[in-house]
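The values are calculated or read from the model by the stated rules, or taken from the named source; none is laboratory data. A quick note: this is a predicted structure, and the numbers were derived from the prediction, not measured. Note that we place each Cβ from the backbone using ideal geometry, even for glycine, and neighbour counts take in every protein chain shown.
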Amino acid sequence: MVITRFIYCVIIFIGCAFNTGTCIAQNGLIINEVLAKGEQSIVDQDGDISDWIELYNDSKGVIDLEGYSLVDEGGEWYFPSVKIPAASFLVVFASKKNRYDIDELHTNFKLDRGGELIALRDKDKFTIDKISFPELEVDESYGRINPSQNDWKKYKPATPMTINEGAISIPFGQIISSHKDGFYNEPISITLSNFDTANTIYYTLDGSMPDETSMVYTLGSTIKIGGAFIDETIAYIPTSDEWETPAGNVPTLQILRAVAYRAGLQKGDVYTQNFWVGSDDFSQQLPIISIIGKEADFFDEEKGIFVKGINENYWQKGRSWERPISVSFFDKNGELLLHQDAGIRLGGAKTRREPQKTLRLYARGDYGKKTFKFPFWGDVYGDDIKRITLRTLNVGPWSKAGIMDDLIHEIINEEINVDYVRRNFAAVYINGVYWGVHSMREHNNQHFIERKYGVDEDEVVIAKATASIPEVYNKFDTLVAEIASLDLKNQSDYDYVAANLDIEQYTNYIITNLAFANRDWPANNTEYWYSNAYDGRIRFIINDLDATMLVHNDERLELYITEQAERLERDKWGRVLIFMQKLLENRAYRIYFNQRITELLNTTFAPDRTIAILNDIVATVEPEIQTHIDRWHFPNKIEKWENAVERLQQFLIRRPNFLLNQSNELFGAPLSINPNPVLDNLFIEIDPWQDCKVSLRLSDSTGKEVQNEVFDVLEGLQEVSINTNQLANGIYILDVSYLGFKTAQKIVKVAAK
């Protein structure tokens with residue numbers, strides 16, 4: 001942002017024009033901003049870029065500076081007769097040129113970029129303001145946030161001749177467009193501008209990086225947006241052995257990229273805009289993510305991350321397979337939410353061989369910004385995201401719906417105390433070409449834990465609980481080994497486990513995977529974390545729920561807790577399930593587990609709630625599915641997707657009741673009855689998860705009802721007394737129901753001896 005001498009002179013002229021000789025102020029003059037080293041800043045009449053000191057008149061009258069001085073650690077320079085009107089600025093070059101021309105003032109000293117003390121004295125040698133500025137980077141200034149306060153901060157770029165607070169800072173070399181990114185029904189004509197007219201603007205319309213070999217933009221001319229500049233051929237590059245040619249035209253967007261150069265040097269960052277022109281060329285149903293990078297980084301046989309190539313490219317991992325990109329995030333109305341440079345890699349495991357792959361975006365200081373600072377999933381979730389995953393819907397053979405993982409995450413969202421990431425669907429474009437629907441969520445690594453729990457990422461241990469012997473033996477492995485020999489009926493042993501494992505979260509984690517019949521767990525997709533800088537307890541992260549909701553009568557609850565597990569793959573599963581198997585030895589935990597699974601199946605996982613969430617997700621993504629199918633042939637027909645969604649609905653209806661019955665068979669009713677046999681009073685212990693009505697019905701051996709009571713109870717563990725004095729000796733059936741739960745137990749009435 002080069003501010004020319006002409007602008008500077010205009011400001012000085014305005015100050016002189018207001019010099020009426022009246023109301024000369026004697027105070028209110030302050031040092032407002034300093035710049036100690038500039039490469040792209042104010043140019044003096046010699047064409048030089050020098051250090052400068054900005055003064056501001058914060059009084060209500062004109063100040064005559066004759067006899068005032070500026071002092072640094074090496075010298076003192078006196079002002080000539082120069083007057084500053086109220087609420088006006090004066091910039092003095094600290095160039096060591098020692099000039100007193102009223103049009104342009106130069107001190108007899110320069111500023112030290114490493115930091116020094118600068119003082120402003122009046123004609124009586126009284127110091128009226130001073131500032132000790134710190135070490136500054138090139139083109140970085142130090143200025144007051146507000147003229148009336150003594151709070152200072154660094155500014156880059158500098159903000160000369162403006163109030164620093166709220167100033168619109170235009171980075172040096174930044175290009176300004178006449179139009180915003182977004183959706184346009186008709187072609188548009190764009191004009192570009194740059195604050196420094198000495199720069200030359202170069203631009204491209206195909207998404208490639210502009211440089212001095214690109215098209216030259218002439219100031220005042222227009223660029224037509226809406227032509228066929230995007231090369232769709234990248235949509236026809238095979239990305240796996242199962243890849244199929246897209247059906248029909250692939251949607252595209254128009255990319256404008258521009259950059260300023262002067263004297264062979266790039267001035268400022270590359271400016272990028274995304275446009276969707278013509279209502280038939282884009283969908284506004286989902287948020288949009290536009291990723292732009294070098295084509296070779298994506299598709300080159302040797303280094304392209306999207307293709308198999310000559311190095312099994314899409315199986316490669318690590319920083320060496322991360323590629324630089326520019327990424328823009330838009331809402332479904334085309335409003336730009338965030339744009340920045342970042343890195344991209346492939347994510348996932350088996351899905352790497354799918355035509356549409358999981359992508360992972362990395363914010364790093366190397367690219368400019370260390371986080372994606374936007375509340376993509378709401379203010380409560382947070383806005384300092386370091387890693388973003390864009391999951392493919394091509395989840396392999398498990399289901400043609402492709403939305404199971406998203407559905408379950410949405411079902412548990414803000415309902416269950418467990419670690420998970422928020423998500424939403426987005427349509428992704430690569431170099432202007434439609435890349436299909438992805439599920440956008442934060443990557444669940446140590447950065448996620450740092451953001452959620454406030455513990456430094458370097459203090460977090462996060463790993464997968466695999467069957468193989470771990471490379472590093474940590475707290476998780478120690479507890480796995482120890483718990484096998486502990487007697488959890490012993491309260492001290494139970495307390496020891498509770499001090500090292502978040503039992504509430506672990507129970508929710510286990511029940512969630514069981515409730516949705518996860519078939520790719522726990523042998524796979526088990527991730528845990530702990531931090532001794534937090535509370536040291538082990539917690540599991542809900543992760544990768546694609547192989548779920550296949551059959552409603554899946555019997556894994558029984559399989560995992562009974563002797564069958566010993567005969568099957570307990571060694572393989574034990575590193576996760578051994579905690580549950582041992583905890584269930586404790587009677588109190590057994591009651592708690594039974595109560596918790598009953599509660600969740602009747603509330604959070606109840607069909608009337610889960611089907612409504614499924615319908616919302618389907619309504620969100622359905623308008624985009626046909627375009628996605630045309631692009632990736634997964635599934636190959638919309639009817640198959642609709643059938644898969646119908647199967648999910650049937651699972652949600654049937655699974656809770658099946659699992660409730662299985663739980664009751666294994667654990668008994670989530671209540672206790674005593675004594676049995678009963679003499680006079682019968683006591684029922686229940687633990688409802690909310691205030692409710694409890695219905696009790698006693699019937700004799702012939703089925704005849706002999707007693708019926710309905711009463712209100714409050715949330716929490718409590719004991720209910722039933723008087724049976726009027727009952728004859730014999731066998732009875734007690735039916736108990738509350739909150740959708742029903743059970744029947746045999747009761748024996750005996751006479752007192």
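Which one of these is under 31 Å from the mean Cα position of the chain (by Cα), over 26 Å from Q40 (Cβ atoms) and either at pLDDT 90 or above or surrounded by 17 or more Cβ atoms within 10 Å (Cβ to Cβ) (or both): Y155, Y184?
Working: Y155 fails: over 26 Å from Q40 (Cβ atoms).
From the options Y155, Y184, the qualifying one is Y184.
Taking V428 as the residue in question, decide whether it is crowded, with 18+ Cβ neighbours inside 10 Å, at pLDDT 95 or above and either under 22 Å from N525 (Cβ atoms) or among the aliphatic types (A, V, I, L, M) (or both). Can you show your working first?
On the way: crowded, with 18+ Cβ neighbours inside 10 Å: yes; at pLDDT 95 or above: yes; either under 22 Å from N525 (Cβ atoms) or among the aliphatic types (A, V, I, L, M) (or both): yes.
Yes.
Going through the stretch 73-99 one residue at a time, which ones are more than 14 Å from E33 (Cβ to Cβ) and of a type in the set (A, V, I, L, M, F, W, C)?
If the condition is that a residue be more than 14 Å from E33 (Cβ to Cβ) and of a type in the set (A, V, I, L, M, F, W, C), then W77, F79, V82, I84, A86, A87 are the ones that fit.
Inspect the stretch 120-133 for any residue being in contact with a Phe, Trp or Tyr (Cβ under 8 Å, 6 or more places away or on another chain) and within 26 Å of G268 (Cβ to Cβ) and give the result as yes or no.
Within the stretch 120-133 (the criterion being in contact with a Phe, Trp or Tyr (Cβ under 8 Å, 6 or more places away or on another chain) and within 26 Å of G268 (Cβ to Cβ)), the answer is yes, since at least one residue qualifies.
Which of the residues spanning the stretch 49-87 are of a type in the set (S, T, Y), touching a residue at least 40 places away in the same chain (Cβ under 8 Å) and in contact with a Ser or Thr (Cβ under 8 Å, 6 or more places away or on another chain)? Give the derivation first.
Initial filter on the stretch 49-87 (of a type in the set (S, T, Y)): 50, 56, 59, 68-69, 78, 81.
Those left that are additionally touching a residue at least 40 places away in the same chain (Cβ under 8 Å): 50, 56, 68-69.
Selection gives S50, Y56.
Under the condition of being of a type in the set (S, T, N, Q) and either farther than 26 Å from L659 by Cα or surrounded by 16 or more Cβ atoms within 10 Å (Cβ to Cβ) (or both), which residue from the stretch 673-713 is nearest to the chain's Cα centre (by Cα)?
Of the residues in the stretch 673-713, the ones of a type in the set (S, T, N, Q) are 674, 676, 681, 690, 695, 699, 701-702, 707-708.
Those still in the list that are either farther than 26 Å from L659 by Cα or surrounded by 16 or more Cβ atoms within 10 Å (Cβ to Cβ) (or both) too: 674, 676, 681, 699, 701-702, 707-708.
Numbers: N674: 52, N676: 55, N681: 57, S699: 57, S701: 61, T702: 62, Q707: 57, N708: 54 Å.
In this case the residue turns out to be N674.
For (1) more than 15 Å from F579 (Cβ to Cβ); (2) touching a residue at least 60 places away in the same chain (Cβ under 8 Å); (3) surrounded by fewer than 23 Cβ atoms within 10 Å (Cβ to Cβ); (4) not small (G, A, S), each residue gets a yes or a no:
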position	(1), (2), (3), (4)
V497	no, yes, yes, yes
D502	no, no, yes, yes
I511	no, yes, no, yes
A517	yes, yes, yes, no
D520	yes, yes, yes, yes
N524	yes, no, yes, yes
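Search the stretch 82-96 for residues being part of a loop (DSSP other than H, G, I, E, B) and not hydroxyl-bearing (S, T, Y), and hand back the single one that is surrounded by the fewest Cβ atoms within 10 Å (Cβ to Cβ).
Kept after step one, since they are part of a loop (DSSP other than H, G, I, E, B), are these residues of the stretch 82-96: 82, 85-88, 96.
So of that shortlist, the ones also not hydroxyl-bearing (S, T, Y) come out as 82, 85-87, 96.
Numbers: V82: 20, P85: 20, A86: 15, A87: 13, K96: 16.
Only one residue tops the list, namely A87.
Identify the residue in the stretch 431-455 that is surrounded by 21 or more Cβ atoms within 10 Å (Cβ to Cβ) and in contact with a Ser or Thr (Cβ under 6 Å, 6 or more places away or on another chain) and, among all such residues, is farthest from F306 (Cα to Cα).
The extreme case among them is R441.
Of the residues in the stretch 714-729, how many are at pLDDT 90 or above and surrounded by 12 or more Cβ atoms within 10 Å (Cβ to Cβ)?
So the answer is 0.
Need pairs with beta-carbon distance below 7 Å; first residue more than 15 Å from I503 (Cα to Cα) and within the stretch 464-492, second modelled with pLDDT of 85 or more and among the acidic types (D, E); sequence gap 6+ or separate chains.
Close Cβ pairs satisfying both conditions: K464/E527; P470/D477; L486/D493; D487/D493; K489/E585.
Go through (1) more than 26 Å from T218 (Cβ to Cβ); (2) of a type in the set (D, E); (3) at pLDDT 85 or above; (4) loosely packed, with under 12 Cβ neighbours inside 10 Å one by one and return the number of the condition E137 breaks.
Among (1) more than 26 Å from T218 (Cβ to Cβ); (2) of a type in the set (D, E); (3) at pLDDT 85 or above; (4) loosely packed, with under 12 Cβ neighbours inside 10 Å, E137 violates only (3).
Got a sec? Which of S721, S699 is of a type in the set (S, T, Y), more than 15 Å from N681 (Cβ to Cβ) and touching a strand residue (DSSP E or B) at 6+ places or on another chain (Cβ under 8 Å)?
Values: S721 fails: more than 15 Å from N681 (Cβ to Cβ).
Checking each option against the conditions leaves just S699.
Residue under question is K308, and the condition is that it be modelled with pLDDT of 90 or more and closer than 30 Å to P157 by Cα; does it hold? Steps first, answer last, please.
Details: modelled with pLDDT of 90 or more: yes; closer than 30 Å to P157 by Cα: no.
Taking the combined requirement at face value, the residue does not satisfy it.
Tell me yes or no: at least one residue of the stretch 648-664 is assigned to a helix (DSSP H, G or I), in contact with a strand residue (DSSP E or B) (Cβ under 7 Å, 6 or more places away or on another chain) and more than 15 Å from E558 (Cβ to Cβ).
We begin by selecting, within the stretch 648-664, every residue assigned to a helix (DSSP H, G or I); these are 648-664.
Adding the requirement that they be in contact with a strand residue (DSSP E or B) (Cβ under 7 Å, 6 or more places away or on another chain) leaves 664.
With more than 15 Å from E558 (Cβ to Cβ) added as a condition, the list becomes none.
So far as the stretch 648-664 goes, no, none of its residues is assigned to a helix (DSSP H, G or I), in contact with a strand residue (DSSP E or B) (Cβ under 7 Å, 6 or more places away or on another chain) and more than 15 Å from E558 (Cβ to Cβ).
Step by step: first the residues of the stretch 201-237, then only those that are loosely packed, with under 15 Cβ neighbours inside 10 Å and under 14 Å from I190 (Cβ atoms), then the one that is modelled with the highest pLDDT. Which residue is that?
Here the residue is M215.
Looking at the structure I just gave you, is I102 in a strand (DSSP E or B) and not polar (S, T, N, Q)?
No: the conditions fail for I102.
For G378, all conditions in the list (1) in contact (Cβ under 8 Å) with a residue 60 or more places away in the chain; (2) loosely packed, with under 15 Cβ neighbours inside 10 Å; (3) on the phi > 0 side of the Ramachandran plot hold save one; what is the number of the exception?
The failed condition is (1).
Please go through the stretch 69-81 and give me each residue that is in a loop (DSSP other than H, G, I, E, B) and surrounded by fewer than 20 Cβ atoms within 10 Å (Cβ to Cβ), ordered by number. It would help to see each step written out before you state the result.
From the stretch 69-81, those in a loop (DSSP other than H, G, I, E, B) are 73-74, 79-81; that's our starting set.
Those that are in a loop (DSSP other than H, G, I, E, B) and surrounded by fewer than 20 Cβ atoms within 10 Å (Cβ to Cβ): E73, G74, P80, S81.
What is the residue count in the stretch 111-166 for residues that are among the charged types (D, E, K, R) and either on the phi > 0 side of the Ramachandran plot or outside any loop (DSSP other than H, G, I, E, B) (or both)? Lay out the reasoning, then the answer.
Initial filter on the stretch 111-166 (among the charged types (D, E, K, R)): 112-113, 116, 121-125, 129-130, 135, 137, 139-140, 144, 151, 153-154, 156, 165.
Narrowing the set further to residues that are either on the phi > 0 side of the Ramachandran plot or outside any loop (DSSP other than H, G, I, E, B) (or both) leaves 116, 121, 125, 129-130, 139, 144, 153-154.
Number satisfying all stated conditions: 9.
Does R319 qualify as being touching a strand residue (DSSP E or B) at 6+ places or on another chain (Cβ under 9 Å) and without any contact (Cβ under 8 Å) to a residue 12 or more places away in the chain? Let's see the steps before the verdict.
Values: touching a strand residue (DSSP E or B) at 6+ places or on another chain (Cβ under 9 Å): yes; without any contact (Cβ under 8 Å) to a residue 12 or more places away in the chain: yes.
Yes, satisfied.
Would you confirm whether any residue within the stretch 100-110 is aromatic (F, W, Y) and either modelled with pLDDT of 90 or more or out of contact with any Ser or Thr (no Cβ under 6 Å at 6 or more places or on another chain) (or both)?
Step one: of the stretch 100-110, the residues aromatic (F, W, Y) are 100, 109.
Then keep just the ones that are either modelled with pLDDT of 90 or more or out of contact with any Ser or Thr (no Cβ under 6 Å at 6 or more places or on another chain) (or both); that gives 100, 109.
Checking the stretch 100-110: at least one residue is aromatic (F, W, Y) and either modelled with pLDDT of 90 or more or out of contact with any Ser or Thr (no Cβ under 6 Å at 6 or more places or on another chain) (or both).
When residues of the stretch 683-705 are filtered for being within 18 Å of I733 (Cα to Cα), assigned to a loop (DSSP other than H, G, I, E, B) and of a type in the set (S, T, N, Q), how many remain?
Number satisfying all stated conditions: 2.
Of everything in the stretch 633-668, what is in contact with a Pro (Cβ under 8 Å, 6 or more places away or on another chain), modelled with pLDDT of 90 or more and either exposed (fewer than 14 other Cβ atoms within 10 Å of the Cβ) or within 24 Å of I408 (Cα to Cα) (or both)? Give them in sequence order.
Once the filter is applied, which keeps residues that are in contact with a Pro (Cβ under 8 Å, 6 or more places away or on another chain), modelled with pLDDT of 90 or more and either exposed (fewer than 14 other Cβ atoms within 10 Å of the Cβ) or within 24 Å of I408 (Cα to Cα) (or both), the stretch 633-668 yields W641, A644, L652, I653, P656.
Filter the stretch 538-550 down to residues that are over 24 Å from the mean Cα position of the chain (by Cα) and surrounded by fewer than 21 Cβ atoms within 10 Å (Cβ to Cβ), then give me how many there are. Lay out the reasoning, then the answer.
Here is the first cut: in the stretch 538-550, the ones over 24 Å from the mean Cα position of the chain (by Cα) are 547-550.
The next check asks that each one be surrounded by fewer than 21 Cβ atoms within 10 Å (Cβ to Cβ); those that pass are 550.
So the count comes out to 1.
Can you give me the number of residues within the stretch 234-271 that are hydroxyl-bearing (S, T, Y) and touching a strand residue (DSSP E or B) at 6+ places or on another chain (Cβ under 9 Å)?
Residues that pass the stated criteria total 3.
If F306 passes every condition in (1) among the aromatic types (F, W, Y); (2) buried (at least 19 other Cβ atoms within 10 Å of the Cβ); (3) closer than 20 Å to Y271 by Cα but one, which one does it miss?
If we test F306 against (1) among the aromatic types (F, W, Y); (2) buried (at least 19 other Cβ atoms within 10 Å of the Cβ); (3) closer than 20 Å to Y271 by Cα, just (3) comes out false.
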